[in-house]
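Q: Once you've had a glance at the structure underneath, I'll fire off some questions.
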Amino acid sequence: MARVDVIRVKGGARLAGDVTVVGAKNSALKLMAVALLAEGRTVVANVPRITDVAIMGEVLRRLGCGVSFDGGEALIDVPAEPGSEADYDLVRRLRASICVLGPLLARRGYVRVALPGGDMIGSRGLDMHVAGLARLGAQITGEHGFVIASAPNGLRGAKIWLDFPSVGATENILMAAVLAKGVTEIDNAAREPEIVDICQMLTTMGARIEGAGTSTLTIEGVDALKPIRHATVGDRIVGGTWAFATAMTRGDVTVHGVRPEYLEIALDKLVSAGAVVEPGDNCFRVRMDDRPKAVDIVTLPYPGFATDLLPMALGLAAVSSGSSLITENIFDGRFMFVNEMVRLGADIRTDGHHAVTNGRERLSGAPVRATDIRAGAGLVIAGLCADGVTEVGEVHHIDRGYPDFVSDLANLGVEVERAVVTEPTFDFS
């Protein structure tokens, strides 16, 4: 028998109270990689206690860094010559670890990084990463599952156009360009708050960057950067998760630690669904008194509706009055979890990158499994609107993005537990 963790929630809860969101997973991981650009101790504060951060810490340790965690801070001691190879056994568990490619190439002139793994939510190639770094003068090849990049003559500034505003490609090119000779311009760059967070940290370290938060980044290379202390921006995806959960359960919750303007479109959709949203200083309150009304949602790069909130959008649609059309434009595998939502009684039909959902007054508790971080959280939240108990398996996915998820739910009034269950294993003996 195999022992696995599950989360069980009893339906019928109405979320009420206050919840505090810590640093963004999608920022903290990249800020830890930014530390590689400067010799000495860099401190990244407001770091979430999640599995992915621990894995990134180990990635950095194997590159020769000293890494420790203390009270929500990551203390990273970077040597004069960090290592230049990130092995598959860690990279396969954390796609974000590919972001060491840019800084190591800039610092060492050579890097060998395994092709990443991560969530199974569709194809996410590295073509734009490779093309951008090549424009900076890198020689890039691939063999035996590794990306190998070298710049024997150093990196030089260039004008780079991204076919799509890829967050990962923007980050890697940006981190390489800050130490390149001359000026680099990245057009059609990603505009996410996490990109702005990286730019702010790099600027404090001594980089020269203009255009953070716009589609054009201009970077003037410098000779060296200095280690600093930087606090991670609040996690808008976790904040959005609580916002949708509140609307779905007709609750009243104040979310602290997230700037509401980073969730402008998502919160506007909740207002259209009937919620009352009150923005504040690094916080916002969501209140829903009646059953949500159906709204159509389309995911787009920031400042559009975030793809990471699509499972919550489908959950809202599943319990709304009327029919909703949810369109996914970012990842071709984002709908992989829909069959699990259907097990809870949701009326969802998918066609390509569209999902038509006919809302129901209540869902029905059932055993389901998480297929990725956000799908896992979305299924737990949907279980709050179901009759009976919903048991979500493979919750290690949720652990990768949501610190203290169970305790936060309990503090908001949910009957919830995390339990260890046994499942049969089979062999040929």
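The values are calculated or read from the model by the stated rules, or taken from the named source; none is laboratory data. Values in this document were obtained by computation on a predicted structure and should not be read as measured data. Every residue, glycine as well, gets a Cβ built from its backbone with ideal geometry; the counts of neighbours run over all protein chains shown.
Q: Does Glu58 satisfy being among the acidic types (Asp, Glu), farther than 27 Å from Asp127 by Cα and in the same structural domain as Gly206 (by TED's automatic domain parsing)?
A: Considered against the rule, which asks whether it is among the acidic types (Asp, Glu), farther than 27 Å from Asp127 by Cα and in the same structural domain as Gly206 (by TED's automatic domain parsing), Glu58 comes out as no.
Q: When you check Gly57 against the structure, is it modelled with pLDDT under 90 and within 22 Å of the chain's Cα centre (by Cα), yes or no?
A: No.
Q: Limited to region 72-97, what total is found for residues that are out of contact with any strand residue (DSSP E or B) (no Cβ under 9 Å at 6 or more places or on another chain) and either among the hydrophobic types (A, V, I, L, M, F, W, C) or without any contact (Cβ under 8 Å) to a residue 12 or more places away in the chain (or both)?
A: Count: 3.
Q: What are the residues in region 373-429 that are surrounded by fewer than 24 Cβ atoms within 10 Å (Cβ to Cβ), assigned to a loop (DSSP other than H, G, I, E, B) and among the small types (Gly, Ala, Ser), if any?
A: Gly388, Gly413, Ser429, listed by residue number.
Q: Here's a check for you: in region 210-250, which residue that is of a type in the set (Asp, Glu) and surrounded by fewer than 21 Cβ atoms within 10 Å (Cβ to Cβ) is farthest from the chain's Cα centre (by Cα)?
A: By that ranking, first place goes to Asp223.
Q: Kindly indicate the residue of region 280-306 that is within 19 Å of the chain's Cα centre (by Cα) and within 18 Å of Asp351 (Cβ to Cβ) and also surrounded by the fewest Cβ atoms within 10 Å (Cβ to Cβ) among those meeting that condition.
A: If we take residues in region 280-306 being within 19 Å of the chain's Cα centre (by Cα) and within 18 Å of Asp351 (Cβ to Cβ), then Val298 is surrounded by the fewest Cβ atoms within 10 Å (Cβ to Cβ).
Q: Residue check: is Glu278 without any contact (Cβ under 8 Å) to a residue 24 or more places away in the chain, among the charged types (D, E, K, R) and either within 23 Å of Asn411 (Cα to Cα) or not assigned by TED's automatic domain parsing to the domain that holds Ser166 (or both)?
A: The answer is yes for Glu278.
Q: Right, next: Tell me yes or no: at least one residue of region 337-356 is in contact with a helix residue (DSSP H, G or I) (Cβ under 8 Å, 6 or more places away or on another chain), in contact (Cβ under 8 Å) with a residue 60 or more places away in the chain, farther than 18 Å from Tyr402 by Cβ and not assigned by TED's automatic domain parsing to the domain that holds Asp52.
A: Looking for residues that are in contact with a helix residue (DSSP H, G or I) (Cβ under 8 Å, 6 or more places away or on another chain), in contact (Cβ under 8 Å) with a residue 60 or more places away in the chain, farther than 18 Å from Tyr402 by Cβ and not assigned by TED's automatic domain parsing to the domain that holds Asp52, one finds none in region 337-356, hence no.
Q: Mind telling me which of the residues Ala33, Ala54 ends up being touching a Cys at 6+ places or on another chain (Cβ under 7 Å) and closer than 26 Å to Leu115 by Cα?
A: Going through Ala33, Ala54 in turn, the sole match is Ala33.
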